[in-house]
Amino acid sequence: MTNLAGKTAYITGAGRGIGRAIALKLAADGANIVLNDLDVDPAAEVVAEIEALGGKAIAIPGSVTAPGFAEDFIGAGLDKFGGIDIIVNNAGYTWDSFIGKMTDAQFDAMIDVHLKAPFQILRAAAPFIKSQAAEEAAEGREVFRKVVNISSIAGTGGNAGQANYSSAKAGIVGLTKTMAKEWGRMKVNVNAVAFGMIATRLTEATDEKKSIDVDGNTVGVGIPKKLVAGMEAMIPMGRAGTVEEAAGGVYLFCIPESNYVSGQTLIVSGGLTI
Ligand SMILES: NC(=O)c1ccc[n+]([C@@H]2O[C@H](COP(=O)([O-])OP(=O)(O)OC[C@H]3O[C@@H](n4cnc5c(N)ncnc54)[C@H](O)[C@@H]3O)[C@@H](O)[C@H]2O)c1
């Protein structure tokens, strides 16, 4: 018997990196997975990996910022698996500049992907959660559901060059606290996990200029090797975290042991605080 048998988990940005590790972790613990990614092939590959391990998953590819995405994502998961037990708002990227050079488009893009999209997904899930919680309460049953919003220590502590990203990642903490209060009566635990430096495509140590295309914009990925070494030297545990370690932090908020924890932000950073 696993902790999450029969539960359905929705995870955005799960085609690679931390989101993929969360999807594999929750699936290994018995959850059905409704996953999304901007990129079709990586999303399909994660579905295949989960199925190969005996789990169940579907992919809803596309940008979380697309009009109507939230309703499509939640609707597709309900059609396939009939429930909503866990939502992990993870999809995202960075688009850095110092403030003098940051455009409105750059600022808005970060708010859209890291804050508005999670808001829209939770709003799309609200009618189902409300009606289920009312039925369960009428039957005298407490059924806990889980929301985990992904933040960053750039949001909790600030980070030079990330006025857009850190504002969005601080905003998601506000949304987390409010939804914990709004949905507590419905037994929904709403928490955030703020990562320090986790080794993924976003933070890859590279001196090459690498970029990705998101929502029609070309944005840089990777961090110069010297800078990564400097950052790792500041981490008490002496290195970046792995995606599995990152997923472990999220998992803690998905299991019954955290049923009385809500509105909190867990920092998963190898001890680094900024
Ligand atoms: N890696 C870190 O050190 C770190 C630190 C703090 C917070 N985070 C956060 O963790 C989350 C995951 O990042 P990661 O490091 O795994 O990066 P990643 O690039 O490895 O994976 C992110 C995934 O999200 C997808 N994605 C990006 N924009 C999307 C969109 N608009 N719609 C749907 N999917 C989209 C990408 O295609 C990618 O597969 C992000 O929210 C990020 O801000 C990461």
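Numbers for the structure displayed
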item: A27 being touching a helix residue (DSSP H, G or I) at 6+ places or on another chain (Cβ under 8 Å), farther than 19 Å from A109 by Cβ and part of a helix (DSSP H, G or I); result: yes
item: Complete set of residues in the stretch 5-24 that are part of a loop (DSSP other than H, G, I, E, B), within 16 Å of the ligand (Cβ to nearest atom) and under 19 Å from K146 (Cβ atoms); result: T12, G13, A14
item: Residue match in the stretch 126-149 (condition: within 30 Å of D96 (Cα to Cα) and basic (K, R)); result: no
item: Checklist (1) more than 26 Å from N259 (Cα to Cα); (2) away from the ligand (no atom under 15 Å from the Cβ) applied to A43, failing item; result: (2)
item: Lone qualifier among D104, D79 - being under 22 Å from L26 (Cα atoms) and acidic (D, E); result: D79
item: Sole residue being in contact (Cβ under 8 Å) with a residue 24 or more places away in the chain, of a type in the set (V, I, T) and more than 30 Å from N164 (Cβ to Cβ), chosen from T8, T65, T12; result: T8
item: Sole residue being more than 10 Å from the ligand (Cβ to nearest atom), of a type outside the set (S, T, N, Q) and assigned to a loop (DSSP other than H, G, I, E, B), chosen from V148, V143; result: V143
item: Count of residues meeting criterion [touching a residue at least 40 places away in the same chain (Cβ under 8 Å), surrounded by fewer than 19 Cβ atoms within 10 Å (Cβ to Cβ) and small (G, A, S)] in the stretch 171-198; result: 1
item: Residue within the stretch 121-131 that is within 16 Å of the ligand (Cβ to nearest atom), in a helix (DSSP H, G or I), basic (K, R) and at pLDDT 95 or above present; result: no
item: Failed condition for A247, given (1) under 20 Å from K7 (Cβ atoms); (2) surrounded by fewer than 21 Cβ atoms within 10 Å (Cβ to Cβ); (3) small (G, A, S); result: (2)
item: Y251, sole failed condition from (1) within 14 Å of the ligand (Cβ to nearest atom); (2) within 21 Å of N90 (Cβ to Cβ); (3) in contact with a Leu (Cβ under 9 Å, 6 or more places away or on another chain); result: (1)
item: Residues located in the stretch 49-93, provided they are part of a loop (DSSP other than H, G, I, E, B), within 10 Å of the ligand (Cβ to nearest atom) and surrounded by fewer than 24 Cβ atoms within 10 Å (Cβ to Cβ); result: I60, P61, G62, S63, T65, A66, Y93
item: A163 being within 16 Å of the ligand (Cβ to nearest atom) and of a type outside the set (D, E); result: yes
item: Flag if F195 is of a type in the set (F, W, Y) and more than 14 Å from the chain's Cα centre (by Cα); result: no
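The values are calculated or read from the model by the stated rules, or taken from the named source; none is laboratory data. This is a predicted model, so every value here is computed, not measured. Don't worry about glycine lacking a Cβ; one is built from the backbone with ideal geometry, like all the others, and counts go over all protein chains shown.
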